[in-house]
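Enquirer: Got a structure here, written out as structure tokens. Questions coming.
The values are calculated or read from the model by the stated rules, or taken from the named source; none is laboratory data. None of the values given here were measured: they were computed from a predicted structure. Here Cβ is always computed from backbone atoms with ideal geometry, including for glycine, and neighbour counts include all displayed protein chains.
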Amino acid sequence: MAESSSNLKPVITVNASFIGYAHTVFAIAPFVGALIVGCWLHYEKIVRNSSFGYPDEWFPSVSATIGDRYPERSLFQVLIAVCSGPRFLLLFFNFVAAYKPKSVVPYIALVSGLLRTLTCGGWVYITSTDDHDWHDIFMISYIILTIPWDICTTLGAPKGSCERKGRFYTGWLFFLMLIPLVYWFIQHKVHVVAGAYSVYAYFEWALILLDVSFDGWSILGLQNIEIGISGNGLHFTKVQPSKDDKATSIETIESKLLENTVVSLNYDFTCFEFIINVINAYMFWTNVTALVLCVWYFPLWHMGISGYEAAIGVTIVAPILVVLPFIRAFFTNVPFLSRFIGVLLGVGVYKVEDPELRLLILSVGTFFSTVAYITESYTWSKLPTTSKYISYHISFIIGLLATSTFKFLNYSNNPIWPIMNETNGGYNEVGLAIGLTSAFLTPMTYETTESHTSPAAKHGFLLFAALGFAGYYFSLHALLSDSGTLASWTWSGYPINGPTPISGSLPFFGAMIVGILASLGIHPNVFSSTFYNAIVGGGSAFTLYSFPDWAGYCGALVYAFYLSSLSGLIAYSVIGHNVGVLYFFGFFFETVLALASVWIVAYAFVPGGPLLRERTDLILLFSFTCIQFGVLNYTLKAKESKIVRFSFETTKTFKQALAVLTTLLALSITGYVKRYPIGTPTPYNDGSGSFTAGIWCIHFGLDNDMWSSETRMLDLIRDAQVDVIGLLESDTQRLIGGNRDFTQKIAEDLGMYVDYGPGPNKHTWGAALLSKFPILKSEHHLLPSPVGELAPAIHATLDIYGQEVDIVVFHLGQEEDVEDRRLQSLGISDIMGKSTNPLVLLSYLVTEPGQGNYNTYVSENSNVWDIDSTDWDRWCEYILFRDLKKVAYARISRSTITDTELQVAKFKLLSDEEKNQYDIDFLYGNHFIDESEVPENLRMPQLLRGEGVRGHFYHVFDEPRYFALSKDSYNKVEESQSWDDVQEVESVYVEEVPEQEQDDVSTEEKTSIPDQDFIDEVLKEN
């Protein structure tokens, strides 16, 4: 006989806490979604108010975001409507959870909650644009009804429980936030202060988050209610706590949140899960490396501390959030959420054009990526065995290797960084799709109903573990996040006696791969020995720092192997300690090391900088010493506990890692074959026997809008047909530069030889030389700098049409350090004076033409001449030369690539006959001729005339200047020289120093205005 319907068992049983989860997600999604879409499509429109617009106002209010524009308004209203189901269920089950006989508190909470929900619909669907008065009435009613709702819901929670405390503090913070909200609204409305409405918007958005967070505490309050669905209908069961359990402890809450997870005895990741972990790790490293790079953009333009540097502190703040057990438990139960937010905001932020807003959103994305890493690392350590825990950390370092591999494939740029887009080689959309998919597939971190503790967790010291993690994480970030970084450390110039970023790539990848596999197949006790750390670790670090070329690079490869081999040991070292405190100190110390690595080169621009001036050795020593604390902490744990070898014979991890590493190696080999230079570069106008040289200060490869600029740079170099170019401020192979090298892209796309200049361990801002002609030899110089920044120089000898020509690329120190600049000018003058070949100086001199140190550069000692001594509008960039015939000179607008123009000059070699025929006045004087008198194959590119292309055009003179090529042309020019030529020069200075301001001009600046004697001298010379 059929079973009675009253006895039917539930088909589906759901814990009521999932209502809290659903409500939290669907309540916050409409606001976040509208904010993202609004900023993406109508940023400047939604930040505008009745008084000000962008850039005075920079952050949109809630009302403007959700109600002013399509499609964000529609998106918000649809999603908030979806939230209504979980909302009403939340009200009902909160009543059930708080119900007590003869108590009116649950009823008040229910009624006020219902009315509050209705008034919410009022201000949501009637926007301030539709009807300002009714919008405000519903909003004020909502806030008033929030008072009884918050009070009664808080009182309905068990006394002493975490839920009650959380509701109490969240509710109080909500109402306290109204005080600054009102204040800034008054500043905006009454006092009409620019920017006040954006600050008001911050507090308005904070109220939204706090309001949702208050209701989010229901996740804890509904844990004891089970909802069942059967053929007999819907029913639920409320599990009463024991009489002895009057207050729910924090530990109990965390364990209760895990009660509904699935029990599993599988302590190994599947291959699919391992790959997901690697992808998640790749996204994490993408965010943290991009964050420092994007922060670097702001002090560049401020020429000092900008305030935006505080953004790197998000990794320090994240552990503070994870300290709270209920927050940690929340992200543990929904691990995809933090991963999803991290990818969405970190990778998806490339859609935001404004640099400040892009950095802000990226910071939030990095924050959630860090939260995900900490919670996952902590919770995997709670399993009965450490298999998944170690496997997780192996995937973490493989994710770093993956970033380095894809950077190598993309010319040292991570293709999904927020400085990349579809115009400069980015694959952001692909990365976003893969990252979001991987985030949703993130493995659940708890697979047992019990929390286990490894025997190793009971021993060791938290501070040692934190220092070990800090040194290890910093070393991975600073040295191993790009395959070309360590090659740059050992680069010494031509002839090549060491690795290039291309030839050194495969050995680097091999060293890391072998190190990772060794950490899996060999017992960590081997790596904790004094011999291994002192000889292999310390010895390789010393070799890397002390020796150039292949000798130093061999040390670099061993150090890369050493760091990779410690991945399992460092993971053991940090296991079992208080996760929040451990990672707070770990990321704090790592940030100190990161800042110190900046201070060694930026010492002239930061407080206390001279203490670390040029002390790469100290940074390397400090990071290595910190790692040793981690090794010591492991040793202390190993002495008191039995740490089982994590062997490939008993686990799948070795095979999984080997498969992924083999794939990455195959990709790197493919990139190597594709990128290895073949063929011989060809000058642009080799038939004419001429060559064009240029100088450009490119501001570390970030354009004015914080996009990677090498693609735009190479387009202009190609359009200007530059055969030899010096690039200044080019050293980005350090942590703050993203560990990248934009010269690779330019050199390979244009077919040029490249000298990367002094490496990151030489403490300069960088100088690089790219040439269509073979570089026979080169030497790097660090010119005298007693006080300020170091001045790098490259002295290279090129084979130009069979003749040796010296090219000197030089960047002078900063303007404030007068003595430094004087000594550096003497130094570079001496280098040029000792050269016996024809020579071109491509330089950044920080001086005025004809004044001060200019006369040291252009002197009898240096024996070089100015390409155009009548060009009085220069301050920084100069092209000087000797023993060459100058053909043309031009200045080209940089558009928005950087803050400095591109200067170019065209030269021809002098034959022996011409050397005897032409005098100094002809060779080095300024004898201008019309373009029509110049053969077509010697003319400058016509593409850049007039309005030019992509914002690049000849400016200052509005066209190239051409010089006499023969005595006949020279004689004609000499007869045509007139007073107007010099008068034009003088007018430049009159315009630059208005008469009413000349009294405020310093004596040194006044001397830059040519007097009558100087004008007469110029006329006499011409």
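Enquirer: Name the pairs whose Cβ atoms lie under 6 Å apart, with the first residue in segment 598-622 and farther than 12 Å from Val787 by Cα, the second modelled with pLDDT of 90 or more and of a type in the set (Lys, Arg), and 6 or more positions between them or separate chains?
Expert: Ile600/Arg615
Enquirer: Check Ala657 against each of (1) assigned by TED's automatic domain parsing to the domain that holds Ile398; (2) at pLDDT below 90; (3) buried (at least 20 other Cβ atoms within 10 Å of the Cβ) and name the one condition it does not meet.
Expert: (2)
Enquirer: Mind checking which residues of segment 379-393 are of a type in the set (Lys, Arg) and either without any contact (Cβ under 8 Å) to a residue 60 or more places away in the chain or outside any helix (DSSP H, G or I) (or both)?
Expert: Lys382
Enquirer: Does Thr682 satisfy the criteria of being hydroxyl-bearing (Ser, Thr, Tyr) and either assigned to a helix (DSSP H, G or I) or under 20 Å from Ile419 (Cα atoms) (or both)?
Expert: Considered against the rule, which asks whether it is hydroxyl-bearing (Ser, Thr, Tyr) and either assigned to a helix (DSSP H, G or I) or under 20 Å from Ile419 (Cα atoms) (or both), Thr682 comes out as no.
Enquirer: Looking at segment 304-325, which of the residues that are outside any loop (DSSP other than H, G, I, E, B) and of a type in the set (Ser, Thr, Tyr) is farthest from Gln814 (Cα to Cα)?
Expert: Among them, the one singled out is Thr315.
Enquirer: Looking for something of a type in the set (Gly, Ala, Ser) and modelled with pLDDT under 90 - is there at least one such residue anywhere in segment 338-353?
Expert: No; the residues of segment 338-353 include none that is of a type in the set (Gly, Ala, Ser) and modelled with pLDDT under 90.
Enquirer: If you don't mind, another one. I need a count of the residues in segment 93-108 that are surrounded by fewer than 17 Cβ atoms within 10 Å (Cβ to Cβ) and either among the polar types (S, T, N, Q) or within 11 Å of Ser218 (Cα to Cα) (or both).
Expert: 1
Enquirer: Also, I was wondering about something else. For Gln903, work out the one condition from (1) touching a Lys or Arg at 6+ places or on another chain (Cβ under 8 Å); (2) at pLDDT below 95 it doesn't fulfil.
Expert: It is condition (2) that Gln903 fails.
Enquirer: So which of Ala465, Ala456 is closer than 18 Å to Tyr392 by Cβ, assigned to a helix (DSSP H, G or I), modelled with pLDDT under 65 and more than 19 Å from the chain's Cα centre (by Cα)?
Expert: It is Ala456.
Enquirer: Shifting gears a bit: Condition first: surrounded by 16 or more Cβ atoms within 10 Å (Cβ to Cβ), at pLDDT 95 or above and within 30 Å of the chain's Cα centre (by Cα). Can you find one or more residues in segment 686-694 that meet it?
Expert: Yes, that holds for at least one residue.
Enquirer: Looking at Phe368, Phe396, Phe408, which one is assigned to a helix (DSSP H, G or I), touching a helix residue (DSSP H, G or I) at 6+ places or on another chain (Cβ under 9 Å), of a type in the set (Phe, Trp, Tyr) and more than 17 Å from Pro335 (Cα to Cα)?
Expert: Of the residues listed, the single one that is assigned to a helix (DSSP H, G or I), touching a helix residue (DSSP H, G or I) at 6+ places or on another chain (Cβ under 9 Å), of a type in the set (Phe, Trp, Tyr) and more than 17 Å from Pro335 (Cα to Cα) is Phe408.
Enquirer: Given the criterion touching a Phe, Trp or Tyr at 6+ places or on another chain (Cβ under 6 Å), in the same structural domain as Val864 (by TED's automatic domain parsing) and of a type in the set (A, V, I, L, M, F, W, C), identify the matching residue among Leu798, Leu841.
Expert: Step by step, each of Leu798, Leu841 is checked, and only Leu798 is touching a Phe, Trp or Tyr at 6+ places or on another chain (Cβ under 6 Å), in the same structural domain as Val864 (by TED's automatic domain parsing) and of a type in the set (A, V, I, L, M, F, W, C).
Enquirer: For segment 153-191, enumerate the residues that are without any contact (Cβ under 8 Å) to a residue 24 or more places away in the chain and within 17 Å of Leu91 (Cα to Cα).
Expert: Within segment 153-191, Thr154, Arg164 qualify.
Residues are listed down the side, and each one gets a yes or a no for (1) of a type in the set (S, T, N, Q); (2) free of Cβ contacts under 8 Å to residues at least 40 places away in the same chain; (3) at negative phi:
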{"site": "Thr732", "(1), (2), (3)": "yes, yes, yes"}
{"site": "Ile736", "(1), (2), (3)": "no, no, yes"}
{"site": "Phe742", "(1), (2), (3)": "no, no, yes"}
{"site": "Asp749", "(1), (2), (3)": "no, yes, yes"}
{"site": "Asn761", "(1), (2), (3)": "yes, no, yes"}
{"site": "Ala768", "(1), (2), (3)": "no, no, yes"}
{"site": "Lys772", "(1), (2), (3)": "no, no, yes"}
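Enquirer: State all residues of segment 514-531 that are over 14 Å from Gly568 (Cα atoms) and touching a residue at least 24 places away in the same chain (Cβ under 8 Å); if no residue qualifies, say none.
Expert: none
Enquirer: Please give the number of the condition Pro415 fails out of (1) at pLDDT 95 or above; (2) in contact with a Leu (Cβ under 9 Å, 6 or more places away or on another chain); (3) in a helix (DSSP H, G or I).
Expert: Single failed check for Pro415: (3).
Enquirer: So, of the residues in segment 914-949 that are exposed (fewer than 13 other Cβ atoms within 10 Å of the Cβ) and touching a residue at least 12 places away in the same chain (Cβ under 8 Å), which turns out to be nearest to Thr423 (Cα to Cα)?
Expert: Asn937
Enquirer: Kindly check whether there is at least one residue in segment 341-348 that is farther than 19 Å from Thr442 by Cα and part of a helix (DSSP H, G or I).
Expert: no
Enquirer: Looking at this structure, is Ile397 within 17 Å of Val288 (Cβ to Cβ), more than 14 Å from the chain's Cα centre (by Cα), surrounded by fewer than 24 Cβ atoms within 10 Å (Cβ to Cβ) and hydrophobic (A, V, I, L, M, F, W, C)?
Expert: Taking the combined requirement at face value, the residue does not satisfy it.
Enquirer: A further question on this structure: Restricting to segment 403-429, give me the number of residues that are within 12 Å of Gly738 (Cβ to Cβ) and among the aromatic types (Phe, Trp, Tyr).
Expert: 1
Enquirer: Next question, about the same structure. Just to be sure, is Arg73 in the same structural domain as Asp211 (by TED's automatic domain parsing) and under 16 Å from Asp354 (Cβ atoms)?
Expert: For Arg73, the condition - in the same structural domain as Asp211 (by TED's automatic domain parsing) and under 16 Å from Asp354 (Cβ atoms) - is not met.
Enquirer: Here's a check for you: in segment 139-152, which residue that is free of Cβ contacts under 8 Å to residues at least 60 places away in the same chain and buried (at least 21 other Cβ atoms within 10 Å of the Cβ) is nearest to Asp215 (Cα to Cα)?
Expert: Here the answer is Trp149.
Enquirer: Follow-up question, since we're still on this one. Could you check how many residues of segment 789-817 are in a strand (DSSP E or B) and of a type outside the set (Gly, Ala, Ser)?
Expert: Residues in segment 789-817 being in a strand (DSSP E or B) and of a type outside the set (Gly, Ala, Ser): 16 in total.
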